[in-house]
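Take a look at the structure below.
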């Protein structure tokens, strides 16, 4: 399950997990375990919310964060 950072128009970025990266035909993106970039709760959401839907037309861009396995494989290289 990839972790993403969702940059939404006129709002703070939202971090969470997705089952699949949205395709060009998708109108909504489903975010599981939504939280702020620093891991804190999102103030606008009820504390027990575990999944949110965002309309794709409100999204500026999506960052796909590397998993812990990828971070171990690709590291800093100094020559």
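Laboratory data are not the source of any read-out in this text; all were calculated from the coordinates shown. As the structure is a computational prediction, the values presented were derived from the model and not from experiment. Every residue, glycine among them, receives a Cβ derived from its backbone with ideal geometry; neighbour counts consider all protein chains shown.
Residues 32, 40, arranged from fewest to most other Cβ atoms within 10 angstrom of their Cβ, appear as 40, 32. A Förster radius of 25 Å combined with the Cβ-Cβ distance from residue 3 to residue 25 puts the calculated FRET efficiency at roughly 0.65.
Normalised by 2.2 N^0.38 Å, where N is the number of residues, the C-alpha radius of gyration of the range 3-73 stands at 1.11. Placing pseudo-labels 7 Å out from each Cα toward the beta carbon at residue 65 and residue 41 gives an inter-label distance of 1.9 nm.
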